[in-house]
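*Asks:* One structure is given below, represented as structure tokens, and several questions about it will come after.
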Amino acid sequence: MTVIRAIVTDIEGTTSSISFVKDVLFPYARERLPAFVETHGDTPEVRHWLHEAAREDGLIEASRQEVIELLLRWIDEDRKSTALKALQGMIWREGYENGDYRAHLYPEVSARLHAWRGEGLHLYVYSSGSVPAQKLFFRYSEAGDLSPLFAGYFDTETGPKREQASYEKIAAAIGEQPAHILFLSDVVEELDAARAAGLRTGWLLRAPLAIPDAPRHPAYRQFDDIVL
């Protein structure tokens, strides 16, 4: 069996519940986005991402209010926009730092991540959320600060999660042969793309999801079930 040297994990539905993102983080950012843009819109970082959002939608001369309305619509559509994710991450940072919430983790995740790191494996995250948002997620988790466990983070600036080329880029950035990397996700199309790039895969099917009789990828209920 090929030795696994690095593990790349998704977040939503894999390390953490989808409901935390959908029912806590998304509404928090949606409620605060208009005021955040109005009060921070002149800072270089926010101005950059507002411009990128307008450009992505083909808006040449857009008012600040038009961009706000665009971003709110994208939140409602769950659009995988790098600009939106970056702005959401800035708003979420304030929420984490203010103690408004802590990131949800499934019960076994923290101990298993510590164990894998203790065994010498290098851990990475690949999520549609921005890299800063990923770092906040694991820094302010219910299990404490897990950020020291991770060697790196990847988001959609690397590429879409359902495209083979994205995983080829990640393998190159990690510096490992794809066959030595295990990618964990709850989305089968992401796993298909990772496998096409040569990565090993693990399909997280948390209860109450049913595990198919003949799953397309090695399927697990929880991290503790994963055999490396």
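The values are calculated or read from the model by the stated rules, or taken from the named source; none is laboratory data. This structure is a prediction, so every number in the text was calculated from the model and none was measured. So basically every Cβ, Gly included, is an ideal-geometry build from the backbone, and we count neighbours across all protein chains shown.
*Asks:* Please enumerate the residues belonging to segment 58-69 that are outside any helix (DSSP H, G or I) and surrounded by fewer than 16 Cβ atoms within 10 Å (Cβ to Cβ).
*Replies:* Gly58, Leu59, Ile60, Glu61, Ser63
*Asks:* Which one of these is farther than 30 Å from Arg221 by Cα, in contact with a Lys or Arg (Cβ under 7 Å, 6 or more places away or on another chain) and modelled with pLDDT under 95: Gly58, Gly41?
*Replies:* Working: Gly58 fails: in contact with a Lys or Arg (Cβ under 7 Å, 6 or more places away or on another chain).
Only one candidate passes the filter, namely Gly41.
*Asks:* What is the number of the single condition among (1) surrounded by fewer than 18 Cβ atoms within 10 Å (Cβ to Cβ); (2) not in a loop (DSSP other than H, G, I, E, B) that Ser166 does not meet?
*Replies:* Among (1) surrounded by fewer than 18 Cβ atoms within 10 Å (Cβ to Cβ); (2) not in a loop (DSSP other than H, G, I, E, B), the lone unmet condition for Ser166 is (1).
*Asks:* Here is a check on your reading of the model: is Ala143 among the aliphatic types (A, V, I, L, M) and modelled with pLDDT under 95?
*Replies:* Spelling it out, it is not the case that Ala143 is among the aliphatic types (A, V, I, L, M) and modelled with pLDDT under 95.
*Asks:* Can I ask one more? Scan segment 174-211 for residues that are without any contact (Cβ under 8 Å) to a residue 24 or more places away in the chain and outside any strand (DSSP E or B) and report the count. Before you say what the answer is, go through the steps one by one.
*Replies:* Here is the first cut: in segment 174-211, the residues without any contact (Cβ under 8 Å) to a residue 24 or more places away in the chain are 175, 177-178, 195, 201, 203, 205, 207-211.
Imposing the further condition that a residue be outside any strand (DSSP E or B) reduces the set to 175, 177-178, 195, 205, 207-211.
Residues in segment 174-211 being without any contact (Cβ under 8 Å) to a residue 24 or more places away in the chain and outside any strand (DSSP E or B): 10 in total.
*Asks:* Of the residues that make up segment 30-46, is at least one under 21 Å from the mean Cα position of the chain (by Cα), touching a residue at least 12 places away in the same chain (Cβ under 8 Å), closer than 30 Å to Leu209 by Cβ and outside the structural domain of Leu209 (by TED's automatic domain parsing)?
*Replies:* For segment 30-46, residues under 21 Å from the mean Cα position of the chain (by Cα), touching a residue at least 12 places away in the same chain (Cβ under 8 Å), closer than 30 Å to Leu209 by Cβ and outside the structural domain of Leu209 (by TED's automatic domain parsing): present.
*Asks:* If you take the residues of segment 175-214 that are more than 13 Å from Thr9 (Cβ to Cβ) and in contact with a strand residue (DSSP E or B) (Cβ under 6 Å, 6 or more places away or on another chain), which of them is surrounded by the fewest Cβ atoms within 10 Å (Cβ to Cβ)? Show your work before the answer.
*Replies:* Going residue by residue through segment 175-214, those that are more than 13 Å from Thr9 (Cβ to Cβ) are 175-180, 188-189, 192-193, 195-198, 205-214.
Within this subset, residues satisfying the condition of being in contact with a strand residue (DSSP E or B) (Cβ under 6 Å, 6 or more places away or on another chain) are 176, 195, 205, 211.
Working: Glu176: 16, Arg195: 17, Leu205: 18, Ile211: 11.
Looking at the filtered set, the residue picked out is Ile211.
*Asks:* Follow-up. Could you give me the residue pairs with C-beta distances under 6 Å whose first residue belongs to segment 214-228 and is among the hydrophobic types (A, V, I, L, M, F, W, C), whose second residue is modelled with pLDDT under 95 and assigned to a loop (DSSP other than H, G, I, E, B) wherever it lies, and which are 6+ apart or on separate chains?
*Replies:* Hits for this filter: Ala219/Ile211.
*Asks:* May I ask you to list the residues in segment 19-51 that are surrounded by fewer than 17 Cβ atoms within 10 Å (Cβ to Cβ), hydrophobic (A, V, I, L, M, F, W, C) and either within 29 Å of Asp186 (Cα to Cα) or in contact with a helix residue (DSSP H, G or I) (Cβ under 7 Å, 6 or more places away or on another chain) (or both)?
*Replies:* Across segment 19-51, the qualifying residue is only Phe26.
*Asks:* Still on this structure, please answer the following. How many residues does segment 144-156 contain that are part of a loop (DSSP other than H, G, I, E, B) and crowded, with 17+ Cβ neighbours inside 10 Å? Break it down into steps so the answer makes sense when it comes.
*Replies:* Taking segment 144-156 first, the residues part of a loop (DSSP other than H, G, I, E, B) are 145-146, 155-156.
Checking the rest, the ones that are also crowded, with 17+ Cβ neighbours inside 10 Å come to 146, 155-156.
Matching residues across segment 144-156 total 3.
*Asks:* Quick check on this structure: which one of Leu50, Leu72, Leu136 is farther than 29 Å from Ile181 by Cβ, in contact (Cβ under 8 Å) with a residue 40 or more places away in the chain and part of a helix (DSSP H, G or I)? Talk me through it step by step, then tell me what you get.
*Replies:* Details: Leu50 fails: in contact (Cβ under 8 Å) with a residue 40 or more places away in the chain; Leu136 fails: farther than 29 Å from Ile181 by Cβ.
Result of the check over Leu50, Leu72, Leu136: Leu72.
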